[in-house]
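> Once you've had a glance at the structure underneath, I'll fire off some questions.
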Amino acid sequence: EHGCAIFSVEENDSELLVIVQEIKKKVQVLNLEEIIRTIRSNLLQMHGIDADVVVLVDPKSIPKTSSGKTQRLF
């Protein structure tokens, strides 16, 4: 199963919404922009918010706790 992490960061006195989504390694480069557009569109339609940054990463790139939750690093 592919993980996802959503968090905010501060930049120039603004808060930015960041999404990091794990995807299959075999996804073609041409599909990456379409995946990002789909994530942004679904987020806007379902929750009425827009992501400032969407990052696609390899599977198992997002650290997890022993119980399988997204690990928070401080």
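The values are calculated or read from the model by the stated rules, or taken from the named source; none is laboratory data. Just so we're clear, the structure is a prediction, and the values are computed from it rather than from any experiment. The accessibility values were calculated without ligands, DNA or RNA, using every heavy atom of the protein model including side chains. Shrake-Rupley method; radii C 1.70, N 1.55, O 1.52, S 1.80 Å.
> Across the range 42-74, what is the number of residues that are open to solvent by 80 Å² or more (accessible area, probe 1.4 Å) and of a type in the set (S, T, Y)?
Going through the range 42-74 one residue at a time, the tally reaches 2.
> Out of the residues in the range 27-41 meeting the condition of being open to solvent by less than 70 Å² (accessible area, probe 1.4 Å) and polar (S, T, N, Q), tell me which one is modelled with the highest pLDDT.
Per the stated criteria, the residue is S41.
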